[in-house]
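Heads up: the structure comes next, in structure tokens.
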Amino acid sequence: MEHHPASDRSWAATPFEGIERALFRNHANGGRSSLVRLQAGAAFPRHRHGGTEEVLVLSGEVEIGGARLRAGDYLYTTPGEEHGVQALSDAVIFVSSQGPTPLVGGDA
């Protein structure tokens, strides 16, 4: 079992302005589970999923691949799908990917 108390959480900057990550764990398959904190207007570029991905919006509002998600909304992505992420407000999302997610260029 692996336990990560909220009081121990640390946020790390990503290469993308306005986006921070609190990593829970890296998966052997190249994916990871983490919280992602986005400032309103921040964008994560278009990327391809090498495995499945699950996203749960904890606060705020984001757009992922044309789907508008608000707090409590859930999104499942299948392997091979591509999308970007746009923060429509300040937001925190939980993301668990089961494979690598290389950038493919284009708009978020």
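Out of region 96-108, which residues are surrounded by fewer than 16 Cβ atoms within 10 Å (Cβ to Cβ), under 22 Å from Gly41 (Cα atoms) and touching a residue at least 60 places away in the same chain (Cβ under 8 Å)?
Answer for region 96-108, where residues must be surrounded by fewer than 16 Cβ atoms within 10 Å (Cβ to Cβ), under 22 Å from Gly41 (Cα atoms) and touching a residue at least 60 places away in the same chain (Cβ under 8 Å): Gly105, Gly106, Asp107.
Would you point out the residue of region 67-90, among those that are in a strand (DSSP E or B), among the charged types (D, E, K, R) and without any contact (Cβ under 8 Å) to a residue 24 or more places away in the chain, that is farthest from Trp11 (Cα to Cα)?
Here the answer is Arg68.
If you check Ile64, Ile93, which single one turns out to be free of Cβ contacts under 8 Å to residues at least 40 places away in the same chain, surrounded by 13 or more Cβ atoms within 10 Å (Cβ to Cβ) and in contact with a Leu (Cβ under 9 Å, 6 or more places away or on another chain)?
After ruling out the rest, the residue left standing is Ile64.
Please tell me if Gly18 is modelled with pLDDT under 95, over 12 Å from the mean Cα position of the chain (by Cα) and surrounded by 15 or more Cβ atoms within 10 Å (Cβ to Cβ).
Here the answer is no, as Gly18 does not meet what is asked.
Confirm whether Arg46 is surrounded by 13 or more Cβ atoms within 10 Å (Cβ to Cβ), touching a residue at least 60 places away in the same chain (Cβ under 8 Å) and among the basic types (Lys, Arg).
yes
The values are calculated or read from the model by the stated rules, or taken from the named source; none is laboratory data. Bear in mind that the values here come from a model prediction, so they are computed numbers and not experimental data. Heads up, the Cβs are rebuilt from the backbone with ideal geometry, glycines too, and the neighbour counts pull from every protein chain shown.
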